[in-house]
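Notes for the one structure printed next.
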Amino acid sequence: MPNLKELNNQYGPPDLLIDSFNSKDKRYAIWGFEEILQIKKSGIYLDDQLIKDDWDKVFQNTIDKWKGEASNKQLACAGFISYEFKDYLYKHIKFNKKLDDTFPYLWFCKPKIIKEYNLNKSDYSTTKEKLTLNQDIISLKNYNSKINQIKNYLKNGDVYQINFTDKKNFELNEIDSFNLYKTLRSIAKPQEGFFMKTDDFDILSLSPESFLKIEDGTIETSPIKGTRPSSINKSVDLKLINELQNSTKDKAEHLMIVDLMRNDLGKICKFKSIQVNQLYAIETFETIHHMVTKIKGKLNQNINELEILKALFPGGSITGAPKESAMKIIDKLELEPRKIYTGSAGYITPHGNMKFNICIRTLLRYNNNYEYGVGGGIVWDSIAKEEWNEAHQKSKILEPLL
């Protein structure tokens, strides 16, 4: 099987990548799109043609059609879901943060050329291009004000946890998103990587977090909640791991999300099939340690992709709990739409298997700059300076390019 570098030399830079440094996962490179399905502010489009029908009906019918047409291929479709797609799933809530018509709420393609590639860990890449920070996240003073507002909601019993986020904005003089992605993947070694380029935007996701994996009727979600930086000093690093492992605050914060995700899975899984595995496990990534739990269940018979998304999206780890209350508060507190950040990207196979990430550690090229979202879960015990520092820590993978 070829590696990514060999495919790049043969076919040129791919238009879309399903990428992973997990040796157990499959990786796919895609060139060209036979059809594109998008939901925009102005409606649902198939190959830029506005479809006058209910979006949910068009979405599921198109996915079913692509699955039928791809019976002898590895993938039926690939694409992404913006965080703001929640507006379509929670119609009873009036959200104020809207996307304009240049960025889709949902984007899926039927690929033309699909090539699986192997993980060649020596296939590292570097670029001479540098990112210039144009706008940082809000100041510590303003962050503290936001945390205090969240604590008022917590005190009033409106919510137990809020995932509050902000963005950093960067400039890249010579825009070559694929070279930038190759360099960043060498640094971050993403478990749930995703790359795509279009004329209007590019997505470079170096995510460590799995939103959902479905294989032969079993669904698994692996929420991340709880973070510590890593250190090159082994004794310091071990201390940080132990600190996270034994943190009652982080465990309480994490358990809220595990319970939420377990409840979400219960909407689409067989009774008594849901299992929680490796509760509070610590996983180490290139610049950071995270607390992760795996939750599995057996899907109900004849469940479709739309029903799965309606039950689970957006992921609880990036909203807070309870989910609906948290999303309402996020809409009031955050300064702009998240777009792809904390949305989800991945693929669907002809047989209905699915693999989607949570788009954290993700750069978005849009309107001639790069957006990079950061944030974290806020609970009653949260200290503003620590949360602000954690938000900065989550952009550490970009430091070599600054």
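Of all residues in segment 264-275, those that are free of Cβ contacts under 8 Å to residues at least 40 places away in the same chain and within 11 Å of LYS296 (Cα to Cα) have Cβ atoms under 9 Å from Cβ atoms of residues that are among the basic types (Lys, Arg) and in a helix (DSSP H, G or I), 6 or more apart or on another chain, in ILE274/ARG262.
The number of residues in segment 113-130 that are within 30 Å of SER71 (Cβ to Cβ), of a type in the set (Phe, Trp, Tyr) and at pLDDT below 95 comes to 0.
If you take just the strands (runs of 3 or more DSSP E) that sit entirely in segment 147-237, which of them hold at least 2 residues that are among the acidic types (Asp, Glu)? Full working, then the answer.
Working: elements: 161-172, 192-197, 201-207, 210-215, 218-222, 224-229.
The strands (runs of 3 or more DSSP E) meeting that bar are 161-172.
LEU364 fulfils the conditions (1) over 27 Å from ASP250 (Cα atoms); (2) free of Cβ contacts under 8 Å to residues at least 24 places away in the same chain except for a single criterion, (2). Scanning segment 373-394 for residues that are of a type in the set (A, V, I, L, M) and either farther than 20 Å from THR287 by Cα or over 15 Å from the mean Cα position of the chain (by Cα) (or both) yields ILE378, VAL379, ILE383, ALA384, ALA391. Evaluate segment 343-351: report whether one residue or more is more than 26 Å from LYS91 (Cβ to Cβ) and touching a strand residue (DSSP E or B) at 6+ places or on another chain (Cβ under 9 Å). Checked segment 343-351: at least one residue is more than 26 Å from LYS91 (Cβ to Cβ) and touching a strand residue (DSSP E or B) at 6+ places or on another chain (Cβ under 9 Å).
Restricting ASP47, ASP19, ASP54, ASP15 to residues that are buried (at least 18 other Cβ atoms within 10 Å of the Cβ) and either in contact with a helix residue (DSSP H, G or I) (Cβ under 9 Å, 6 or more places away or on another chain) or over 19 Å from PHE194 (Cα atoms) (or both) narrows the list to ASP19. Condition check: modelled with pLDDT under 95, of a type in the set (D, E, K, R) and under 25 Å from the mean Cα position of the chain (by Cα). Does LYS67 satisfy that? The answer is no for LYS67.
The condition (being touching a strand residue (DSSP E or B) at 6+ places or on another chain (Cβ under 7 Å), on the phi < 0 side of the Ramachandran plot, buried (at least 18 other Cβ atoms within 10 Å of the Cβ) and not charged (D, E, K, R)) is satisfied by just one residue among TYR366, TYR370: TYR370. Just one of the listed residues (LYS110, LYS141, LYS151, LYS146) is charged (D, E, K, R), modelled with pLDDT of 95 or more, under 30 Å from GLU399 (Cα atoms) and crowded, with 16+ Cβ neighbours inside 10 Å, namely LYS146.
Comparison of TYR105, TYR83 shows that the only residue that is of a type in the set (Phe, Trp, Tyr), under 16 Å from the mean Cα position of the chain (by Cα) and farther than 30 Å from LYS24 by Cα is TYR105. Restricting the search to segment 66-83, which residues are buried (at least 24 other Cβ atoms within 10 Å of the Cβ), farther than 28 Å from LYS5 by Cβ and not polar (S, T, N, Q)? Hits for segment 66-83 are ILE81, TYR83. A count restricted to segment 276-303 and to residues that are over 16 Å from LEU244 (Cβ atoms), in a strand (DSSP E or B) and without any contact (Cβ under 8 Å) to a residue 24 or more places away in the chain stands at 2.
The single condition from (1) touching a residue at least 24 places away in the same chain (Cβ under 8 Å); (2) within 25 Å of LYS339 (Cα to Cα); (3) more than 18 Å from the chain's Cα centre (by Cα) that ASP199 fails is (1).
Among the residues of segment 225-248, the ones that are in contact (Cβ under 8 Å) with a residue 60 or more places away in the chain and exposed (fewer than 15 other Cβ atoms within 10 Å of the Cβ) come to 0 in all.
When you scan segment 297-345, how many residues do you find that are surrounded by fewer than 17 Cβ atoms within 10 Å (Cβ to Cβ) and at positive phi? Number of matching residues: 1.
Of a type in the set (Ser, Thr, Tyr), under 30 Å from LYS65 (Cα atoms) and under 13 Å from the mean Cα position of the chain (by Cα) - does that describe any residue in segment 350-365? Scanning segment 350-365, I find no residue that is of a type in the set (Ser, Thr, Tyr), under 30 Å from LYS65 (Cα atoms) and under 13 Å from the mean Cα position of the chain (by Cα), so the answer is no.
The values are calculated or read from the model by the stated rules, or taken from the named source; none is laboratory data. All values reported here derive from a predicted model rather than from experimental measurement. Using ideal geometry, Cβ is built from the backbone for each residue, glycine included, and neighbour counts are taken over all protein chains shown.
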